[in-house]
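As structure tokens, the structure follows; a few thoughts come after it.
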Amino acid sequence: MALAVGGVLLGASTFWFTRQEINEVFDEQLKQHALSVRTHYRGQGVPPPNHQTTPDLDDSGLVTQIWSLDKRQVFLSFPTADIPWADGEGYQTLTTPQGAWRVYAERSPTHLIQAAQLMSVREDLAVDTAVEVLLPNLVVVLVLTALMLAYALRQGLKPLTQTTADIGHRSASSLTPIATASLPTELQPLVTSVNALMTRLAKALLVQRRFTADAAHALRTPLTALRLQVQGLATASDEATRKETLGDIRRGLDRATHLIEQLLQLSRLEPDTSEHTASDVDLAALVKSVVTDMGVFANARGIDLGAEIETAAYQSTVVRGDVHHLRILLNNLVDNALRYTPRGGKVDVALRAAPPGVLLEVADTGPGIALEEQERVFDRFYRGTTVHGDDATTTGTGLGLAIVKEIAQRHGARIELVDGLPSSDGTHGLRVRVVFDDTRGAEYEDPPTPQ
């Protein structure tokens, strides 16, 4: 578009200047004609004006007129031309009923010579001459411009064509970045965006492969155990054995169900797998709700589950984040505490002010976590050597604290592991603290505003 406008402006300006030059040539022609008549005219042999004969005006529209100094016309080359006496010498434009005339007047000692040209004829001649001069050049310029534009476009699009071919020849699993060093500056932002997209795709594929491998690894053991237990049930010889085997199968199904739920929770937390929106979450209300819901499980295990919300904390319990994910975080903390706390133990959920943020903690009277294992317990599927109060091995999945860590990081919170509540044998359980230093620090996007 810009090139077309530029071409039109260039052609129009060239035409205008050419026409101006031609008008100057015509003016010079008038002057030379008047000077020639002045030089050769001696005042003899010139017939008087004859208005009965009307010769045709020639193609140049040029008229010669001679006046005596007493303003008597003594000669007119085109009798019907109505050109008045020109006051003064030089170039003038005189308006008559026939139209405008361009006149050059030259005075001799005895006469006034006027060379005149009808302006309409002059304009037609100027336009025709300009077109005749410019048209061939314009065609050549247009052809050269088209060729140069085609060449420039071909050369300019060559890097894009090469990049397109490079991407087209890649396999579905080849997501390495495209080199940008040899690309034009104008193309680099596009390729950089494509590279960023491929990086996100590679990360998403890696997460998908890791999740698939983790799920297969985690489900293999409980499914194998269930298969063996079903085989044992089929070969049981007495009612007591069958009842014991059915109990093992029921507990195995509970563990498998819990594992699948936590795997689904973990999959929803992976980047680029779902939309996460932020809202104002009241942690005090969330603590009350979770403790109420988990009270049934605590009573079934014979564990005292309670909640403590400091008065000062009520002033700053609202954080920015995803309410569903924060519920998952607290559910996992309370569930872990209940699983690892022996019967007759205690689990406390507390919410305290920690200016400028807020502190959420879950403490239990369980066996705790050894200091050398506290860094690894946040790894997926890591299960430490901790035992229950009844000396039975843990039934956890090794995913609970990994999920808690992921959610905490997304909300700009940090996790601390310290000693929990004192137990009857003089040891201390585990206290997990989630510290929201900035209540507006969530990584989630705000939900769209309704139109």
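The values are calculated or read from the model by the stated rules, or taken from the named source; none is laboratory data. None of the values given here were measured: they were computed from a predicted structure. Neighbour counts run over all protein chains shown; Cβ positions are idealised from the backbone, glycine included. The protein model used for the area step is the full one, side chains on, heavy atoms only, and it has no ligands, DNA or RNA in it. Shrake-Rupley method; radii C 1.70, N 1.55, O 1.52, S 1.80 Å.
Laid out as a table, the results:
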read-out: Under 28 Å from K346, Cα to Cα: lysines that are on another chain or at least 8 residues apart; value: K288, K405
read-out: Protection-proxy order for peptides 23-29, 125-131, each taking the mean of Cβ atoms within 10 Å per residue, highest first; value: 125-131, 23-29
read-out: Per-residue SASA entry for L329, accessible area with 1.4 Å probe, Å² rounded to 10; value: 0 Å²
read-out: Potential extension, A234-S289 segment - 0.36 nm per residue separation minus Cα distance; value: 15.5 nm
